[in-house]
Amino acid sequence: MDIPPDAQATADDQRGLARQIRTTLRRAGLLEAGTISERDLLRPAVVDTAHRAQRGIRQGTPPPALRGDLARALTAADRPRPSHGVNWPVELAGPQPHLHRSVRRALASLPAPAPRHGDAAPATAELVSWQAAEAETFEAATRLLSDVWPEMLAELRCLVVELALLEGRAIDGFTDFAVHGAIMLNRRRLTTSRAGLPGPVRLAEALVHEGTHQRCNVAATARPFLRAGKNEEAGLLETPLRTDPRPLTGLFQQTVVLARSLLLFGRLLRSSPGSGAEPLKAREDRLRTAADQAVGTLSAHRGALTPHGCALLDRATALVRAGR
């Protein structure tokens, strides 16, 4: 992959992941006969089943117990998917079992909350259904991406098949390789910010942000960014987008996310001259500060990167410093 999006390279990596999922399901005895299309293998519920089957193989749990879950996931995958936004067959998903499992994992990974008035504030995040106004915001966000960055939208179409909403204070959004193809976003990211950034712009940024995490995840299955063992060796690091220390792989992905986010806001600013551009420029400035921190920290760990990882770091660094 590269900093600029590339739908064809993304599709190639997606095919490789589909082959790995097919192999896992066969090893688990869940695919004795018949064929499953590449598209269906990449449904988040099917990916979830494959990951649970893989864990079952390692732990000695009989994977055939998941046969019913796989059948239900494939039945759901057969349903026609309406196109939203600009010809994007993405499901604006409501609460579903594989997404609930993912949210529980995300909550369990959070650091302990800071005490408030003597008590720890609870970490809350729950899946909610889409409202009509939120679906309209999604339509507006995809039209915006189609206008200013069609290549990014084309890559997102290759990657994302489910978009779910969260409510609660703990999580702004996340992706999870165990449900690859799904993005979870807090519904507040669809509303106008206090700084005046419109909901469709915030959602477009969130789609680029979380979609880039998915792109990094699938790309790393074909060409790793980090040398073997270096993620653990580096320990936990301070990063610009999280208050809790993150592993090196998290810092690497943040660097790519921030570089792409800068590209997005550069395009938005060029398409929105005049007084309405102030919130866009303020957001670009914040992103550039965070990106400068990310490339600086990652550069100190350059020796942990593969040649492919180094090339991406160099391109991200050049992009960030060109706008100083």
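Add -39500 (n - 2.57) for each DSSP H run of 4 or more in the chain, then divide by its residues: what number comes out at 222 nm, to the nearest 500 deg cm²/dmol? Before the final figure, lay out the partial values.
Details: 12 runs with 182 residues, N = 324.
Estimated from H runs of four or more residues: -18500 deg cm²/dmol.
Could you give me D for region 197-324, from Stokes-Einstein at 25 °C and 0.890 mPa s, where the hydrodynamic radius is the Kirkwood radius over C-alpha pairs? Units µm² s⁻¹, please. Each step should come with its number before you reach the end.
Working: Rh = 15.2 Å.
After rounding, the answer is 162 µm²/s.
Please determine, in degrees from 0 to 90 and to the nearest 10, the orientation of helix 44-59 with respect to the longest principal axis defined by the Cα atoms of the chain, where the helix direction is its Cα long axis.
The two axes meet at around 60 degrees.
I'd like the Kirkwood hydrodynamic radius of the chain, using the inverse of the mean 1/r over distinct C-alpha pairs, in Å.
Mean inverse Cα-Cα distance, inverted, gives 20.7 Å.
For the chain, report the accessible area per residue in Å² (1.4 Å probe, heavy atoms, rounded to an integer).
In whole numbers, the chain has 46 Å² accessible per residue.
Where a ≥ b ≥ c are the square roots of the eigenvalues of the C-alpha gyration tensor, would you call region 11-80 rounded, which needs a/c under 1.5, or, failing that, prolate if a/b is larger than b/c, or oblate?
Taking the square roots of the gyration eigenvalues as a ≥ b ≥ c, region 11-80 is oblate.
Got a number for carbon plus sulfur as a percent of the chain's accessible area, 1.4 Å probe?
53 percent
What whole-number volume per residue, in cubic angstrom, does the convex hull of the C-alpha atoms of region 156-241 give? Please list the in-between numbers first.
On the way: hull volume 10.9 nm³, N = 86.
Convex hull of Cα atoms, per residue: 126 Å³.
For region 118-169, count the residues as N, evaluate 2.2 N^0.38 Å, and divide the Cα radius of gyration by that value, please.
Relative to the rule-of-thumb radius for its length, region 118-169 sits at 1.57.
In degrees between 0 and 90, to the nearest 10, how far off the longest principal axis of the chain does helix 248-271 point, with axes built from Cα atoms?
50 degrees
What is the helix-to-structure angle for 7-27, meaning the angle in degrees between its Cα long axis and the longest Cα principal axis of the chain, kept from 0 to 90 and rounded to the nearest 10?
Result, in degrees: 30.
GNM, the chain, Cα, under 10 Å: largest mean-square fluctuation among Thr137, Thr23, Thr35?
Among Thr137, Thr23, Thr35, the largest GNM mean-square fluctuation belongs to Thr35.
The values are calculated or read from the model by the stated rules, or taken from the named source; none is laboratory data. Keep in mind the model is a prediction, meaning the values are calculated, not measured. We work out accessible area using only protein heavy atoms, side chains counted, and drop any ligands, DNA or RNA first. Shrake-Rupley method; radii C 1.70, N 1.55, O 1.52, S 1.80 Å.
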